[in-house]
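The values are calculated or read from the model by the stated rules, or taken from the named source; none is laboratory data. All figures in this text were calculated on a predicted structure; none of them were measured in a lab. Note that we place each Cβ from the backbone using ideal geometry, even for glycine, and neighbour counts take in every protein chain shown. In case anyone asks, the SASA skips ligands and DNA or RNA and just uses the protein heavy atoms, side chains included. Shrake-Rupley method; radii C 1.70, N 1.55, O 1.52, S 1.80 Å.
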Amino acid sequence: MSANKTSEALTVPATPASASASALPAAATTTTPTTTSAAVSEADTETSDAIATGGIVGVAADEIQGLAELKHFISELQEKIDAKRQLRQQNANFELPGDEYFARLDSSLKKNTAFVKKLKLFTSTQLEALLRELSALNLSKYISEICAALAEAKLKMTDVPAVVTLASKLHCTYADFNTQFLEAWQKALKATEKISNPSKLRVDLRLFAELVSSGVIQMKPGLALLGMVLVQLIALDKDDHSNFSIILSFCRHCGEEYAGLVPQKMQQLALKYDLEVPKSDFLSADKQLNLRTMLKGYFKALCKHVLAEQAALMNMTKNIRRTMECKGEISQEKREKCELMQASFDKLLASAQSLSELLGEPLPELTKESECCNPGTVIDNMLDSAAFGTLDPWGDDETRAFYTDLPDLRQFLPNFSAPKVDLETFEEPSELTEEAIDANIDAELDMDDPPSTTSDTALDKDQDEQQPTIAPAESGAAAAATTTGAAGATLAATPATAPLPIDKKMGSALMELGRQQQQQQQQQTQSQSQSQHLRQQFDVFLLNLFNCVNKELIDSAAIEFLLNYNTKHQRKKLTRTIFSVQRTRLDILPYLSRFVAIVHMCNTDVAADLSDLLRKEFKWHIRKKNQLNIESKLKIVRFIGELVKFGLFKKFDALGCLKMLLRDFIHHHIEMACAFVEVSGVYLYNCRDSRLLMNVFLDQMLRMKTATAMDSRHAAQIESVYYLVKPPESAKRELTPRPPMHEYIRHLIFEELCKQNVERCIKMLRRINWNDPDVYSYAIKCLSKAYLLRFPLIRCLADLVSGLSSYQPRAVTIVIDNVFEDIRAGLEIHSPKMSQRRIAMAKYLGEMYNYKLVESSHILNTLYSIISLGVTLDQSVNSPLDPPESLFRLKLACMLIDTCAPYFTSQATRKKLDYFLVFFQRYYWHKKSHPVFSKSENTSDLFPILVDHTYRDCLAGVRPKLKLYKNLEQAKEAIDQLQEQLYPQLKASSSNNNAQDASLSTINEITELDDGVTDDSGSSNDQRERQAAGGSEADQGNWTEYEAEPVAPPPPPEKSKEDLEFEQMYEKMTSDSYQERLKEPPLKATNKDIPVPMMARLQKKSYDQLNCNSAAQISKANAAAPATPANNANTLDGGSNVTAAAAATSSSDATANEGGGGGGSKSSGAVPFVLMVRGNKGGKQQFKSFVAPSDSQLAINLKLQEQKTREEKERVKRLTLNITERIEEEDYQESLLPLQQRNFTQSYYQKPNKHKFKHQKGAPDADLIFH
């Protein structure tokens, strides 16, 4: 109690006689605030001086707060010490009043006893009233009762200062109060082994200490009694520390006076800021040291107790964790025991920390495992630690939206308000334990629920249709009876009210009766028609409900039901209809569950009734124990699983259903349990309250599978659902970071590459260091993996490789080789998981042909390999590389043909492709006619129609007019005819061989009609020139694997001295010859062909003769050997007067009449020529006709030259046309794009501007122009 309150309490005298006695407290009251304020102001002055002198300049905010807290503590402690000092002086220096003072006071028994009773129920609020009564009563004869009442009163900590004030007043008024008060406390303060009321002892101990320090009780006997009580409390409390709260309370309130205890934090702050903490002068330092030593000993014992409690708590935590891992649950007894132990440990630890702060002694280090037990209970921490991170019951946002995002009915229902859901019905139990589930299962199985008859939908519908029709009839009859009774009443009442004639009365009554009956009949017919129409509409709604197979449709159906059909009778009918869904319609169960969830927001009876029906039906199947109706059983458990995910079926009941199945885990129960876990297992396993129990059930299923000899199908189902819910933890492979250059190459090829920036990617790839072997090999590796790109971008990758071929031909060659090797490896390793890769690489190869990177011979070789490598034509032999049921090679060949076959434009390549299509059709019919795809002979019922359409579309795109073979026999006959036509010698050799090889070997390609013809003249519509990828044509068919390191060329041989001299002389001679040739005048170029004059042309040929001649020329040209230029010169060298020989087509046409007039035999065996001869004396040119044999070198060379000229013109023509068509196609494709994506700059296929070609004088050179 502060000195101010003490002085106020003591300065309320009842008579003037007490004024002298209270003068000293008044003086003390006036001086105490002055002293306290002076101390505080002095501390403030010192702080301000320190700040002013720069001692605490730049101090942080927490330091400022600590300094303010220290000042406040020092001021409060100083006030408390000063108030106690003044109160001790007041109680030590006082004068007792005389007998005259007591004579004037009231000594009545009634008031004195009432005062004593008030003291037994003392509170701080009664202090002023009791002081007034004390000053008016003479209590000299009641001192012992007053002392006993104060010692036995049940006080609070807040009442202690008021009791000290009242006791001080009594001490200063009555002489024997001190001794009797001490005796009363000696009886009250008895520390026994078992304290009955620790709360009272805690308050009494502080009150007695305050009385001793205030001087109310003498110091020597008071300290002796107080020390005895403390020693007994500490001595009796070394084991369980049950009295720790009493000792801690004494140290908090009285520790500074009796033991010099100051909080450690304040001591540190005082040392930091160099401030002095005031100390009490009540006891000397040696006496305080004794009590402090005793308290430190108690604290050490307390620390040992804290460590022991922590060890016990850790052991129990470990046992609980082991139990939860094994059983997935904890019994209620263990749960409560653990929670009590956790609460007591938390309280003990907090108290020990407080005592450590007061004594300045550190706490022992606790193990880290106890930290997880500090917040909350152990059970919650167990559940949190078993969660393994964030739990997601749904897996993806779409599934979460389907099960949680229900439509807001306020947008559709005008008067919608949230329904009052019965929490007891839909609330989950507080604990999901196996014991509770077992008890619930036993209770439910004891109840003999009849099987549900709701599944008989036809009977229910008939009953529903009969009941409404009977009800209106009954209501109509009742209404008619009511009307008749009313009419009778009217007839009975009419004579009494109106005295009309009988005839008139009867007529009016009958008319009124007829009118009422007519109105009632009309109302009945209208109501019947409306109800019948509404019933029909609802029946149609129920039928259409099972057609709602997406989220939007089922939401609309739910809103329609709530708007139009939301009545009690129709809700029951809806529940029965949903429950009786067909057992095969498992796909609609999630949507029906969502429908029920939406309706449940307005009416809870549908979900409750449906859950009850499913639960009863499930229990009936469990009790039946038959092996029938497996589809109905699976429908029930799947429906329950869907309702669980919508929160309409309790998790507790769902896990109980699973427990029922695990009790008798055989036959149909296995399939039902697997179906339930498949639908809702992931959800229950990822919910916090059901995770552990679901984990136990899953482990139990797996153990039963291992310990029981069950069907392999059931074992596979159990493993499937187990790993669906608990996928095996795969070891995460640590990815090694790629170098920055590798990342850049991958970024360009796999991310940036598209149709618009192919040129940019080419430029960027050209800038990389191709001389670095690592970069070189990695770029080739990325360019070879077309299957890592999106399928439409494969063409862009081929374009990219084509652009690089001009700068890195070696790398492009290796890329092409890798593509061929990849396709070959796919043919040699039959693996379905490589299907996408093989399709992509086939597409890549075709695009490479389109961009002139590979020859047509390589494409045809690949096509033949696809239909022949590892293929057997014997249906009794199954090839591991091409199984009978595998049709992937058909798709692969179709992909390659679709990609590049349209660009086989030359006559030779088209002919080769036609030959291949014959073998391709034979392979197709070989696959289609296999017994795997045909039930009986000449049928193909099981052949996939998609593959058939792919095959037909492929051939129609390449050869629209091609006649397809209708069976395998026709295809074989076509191949035999083709072989007889191309290789007639094979027929003779095959007749000698009795055994024929059943395997389909690769067909050798037919050689070109002429070596000079280029078969890929029209195979490209692109802007780039064709690059030689593999050397000569003879070496291009044999692709080999290139090494990553290029082979260094051999060193050149050393040159001798004679070689060097020869080279110098040769260079000098060539330079001199070149200088002399420059001085000579330029020679006019001579024409190779001289036109024959018109006068030399005698007669024109007919069209038939031209065709015959051209055919004869081509056939002979193929058989004859080409002549050399030397032979040609020798033939024409006939004399000096011969100037030129014209072998043009025009000359042969002009002189054909000479051979044609004599007969056909002559013209067919000889070739007419015209020889131009110059006159001897510069006369006119003379023309002489002669006939050369067709087998002469002159005729053969002429025909070969003509044929080459025609083919060259045809090639140039086709090249020009193809380029034009390609440009038109690209322009059309670009016109289809939106305006934002169009490229209005120079066309992609437009050649860059070049300098205009300057024609040279003389005959033009076609090769220079077009190449």
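Assorted remarks:
- Probe 1.4 Å, protein heavy atoms only - accessible area per residue of the stretch 64-298 in square angstrom: 49 Å²
- Theoretical gain in end-to-end length, Ser879 to Leu289 [0.36 nm per residue, Cα-Cα removed]: 202.3 nm
- Peptides 1201-1208, 140-147 ranked from most to least packed by the mean count of surrounding Cβ atoms within 10 Å: 140-147, 1201-1208.
- Portion, in percent, of the accessible area of the stretch 64-298 that falls on carbon or sulfur, probe 1.4 Å: 53 percent
- Cross-link check: pairs Lys238/Lys304; Lys551/Lys726; Lys120/Lys156; Lys927/Lys972; Lys891/Lys928; Lys154/Lys187 evaluated at a Cα-Cα cut-off of 18 Å; pairs beyond the cut-off: Lys551/Lys726.
- Selection from Asn197, Phe282, Gly227, by position along the positive dipole direction of the stretch 64-298 (Cβ): Asn197
- Inter-label distance, nm, simple model (7 Å from Cα along the C-beta direction), Met219/Ile768: 9.6 nm
- Sites Thr125 and Lys187, calculated FRET efficiency, Cβ-Cβ separation with R0 35 Å, nearest 0.05: 0.80
- Order by protection proxy (mean Cβ within 10 Å, highest first), peptides 652-659, 770-777, 585-592, 178-185: 652-659, 178-185, 585-592, 770-777
- Positive dipole terminus of the stretch 94-137, leading residue within Ala103, Phe122, Ala136 (C-beta point charges): Phe122
- Summarising the label geometry, the points placed 7 Å from Cα in the beta-carbon direction at Arg713 and Leu1215 lie 6.9 nm from one another.
- Report note on the peptides 1213-1221, 249-257: ranked by the mean count of other C-beta atoms within 10 Å, highest first, their order is 249-257, 1213-1221.
- For Gln977 and Gln907, the FRET efficiency from 1/(1 + (r/R0)^6), where r spans their Cβ atoms and R0 equals 22 Å, is about 0.60.
- Length gained on full extension, Val540 to Asn564, computed as 0.36 nm times the residue gap minus the Cα-Cα distance: 7.3 nm.
- Accessible surface of the stretch 741-854, 1.4 Å probe, proportion on carbon and sulfur as whole %: 49 percent
- Placing +1 on the Cβ of every Lys and Arg and -1 on the Cβ of every Asp and Glu, with nothing else charged, gives the stretch 741-854 a dipole about its Cα centre of roughly 260 debye.
- Summarising the amide proton neighbourhood of Ile217: residues at separation of 5 or more, or on other chains, whose placed amide H is nearer than 5 Å comprise Val212.
- Loop chymotrypsin sites (Phe, Trp or Tyr not before Pro), the stretch 814-875 (other Cβ atoms within 10 Å of the site Cβ: 10 or fewer; DSSP): none
- Considering only Ala971, Ala908, Ile945, the residue lying farthest towards the positive end of the dipole of the stretch 902-983 is Ala908, judged by Cα position with unit charges set on Cβ.
- In this structure the amide hydrogen of Leu1171, modeled in the peptide plane, comes within under 5 Å of the amide hydrogens of Lys1184, Ser1185, Phe1186, none closer than 5 places in sequence on its chain.
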